[in-house]
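The values are calculated or read from the model by the stated rules, or taken from the named source; none is laboratory data. This one's a predicted model, so the numbers in the text were calculated from it and none came from an experiment. Don't worry about glycine lacking a Cβ; one is built from the backbone with ideal geometry, like all the others, and counts go over all protein chains shown. The accessibility values were calculated without ligands, DNA or RNA, using every heavy atom of the protein model including side chains. Shrake-Rupley method; radii C 1.70, N 1.55, O 1.52, S 1.80 Å.
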Amino acid sequence: MIDLASAFVTLFVVLDPPGMAPIFLGLTAGMPAAIKRGIAIEACVIAFLLLAGATLFGTWLLGVLGISLPAFRIAGGLLLFSIAFEMVFERRQRRKADDATQQPDTNIAAFPLAIPLLAGPGAITACVLLAGRSEGNLIQLGLLIGTIALILLMTMAVLIGSHLLERALGPRGLAVSERLLGVLLAALAVQYVADGVLALRG
């Protein structure tokens, strides 16, 4: 059964809406406010479709490939832990910024904003892991997709008002919040690994 509170925290930390603000500002520098708003909306819609698809069909795909859910939990937990490590030691923002600057400005909503900055490997992995806990319960899956939608709506609001958030928190505030979220994600990642090991042993 999916713990929605845990799902919300996991996805919020992985998607990292506050951390997207400075990257979005850099990618859209000099653009009119209306265009920035359109880019933010388009990026979040694309990311939602990708993550909802991973939630609905990720477990099925694992079955087709012959990968057990406990094994994926362990692999996913290790991947999420690597993201947490980057967040705590302030490496994730630099990597995201590097990914962003390597792409042209013509279609930044789809790439790199939606993929891989929002719906990247970590977020997709988290969605598949959380969906696996639903045990095929459609209501649980619906609530999980609703949680994804809620976080992406929050992300959209952060992107649209990114200049206000950056001004309110400042560089130090953003750095502190990212480190705290990284510690939370590390603990959740360890729990995923532990659950996977126990399931394999059982």
Just grab the label-to-label distance for residue 25 and residue 169, each label 7 Å out from Cα along the Cβ direction, in nm (one decimal). 1.1
Probe 1.4 Å, accessible area per residue of the chain, Å²: 49
Computed [θ] at 222 nm, deg cm²/dmol, the chain (DSSP H ≥ 4; -39,500 (n - 2.57); rounded to nearest 500): -27500 deg cm²/dmol
Longest segment of the chain with no GluC sites (Glu not before Pro) in a DSSP loop having at most 16 other Cβ atoms within 10 Å? 1-89
Once you place label points 7 Å from the Cα toward the Cβ at residue 57 and residue 5, how far apart are they in nm? 3.5
Using only the alpha-carbon atoms, what does the chain span along each of its principal axes? Please give whole angstrom values in decreasing order. 56, 30, 29
Taking the Cα of residue 138, stepping 7 Å toward and past its beta carbon, and measuring to each backbone N in the range 32-64: which are under 13 Å? none
Of the accessible area of the chain, computed with a 1.4 Å probe and all protein chains kept, carbon and sulfur make up a percent value of 70
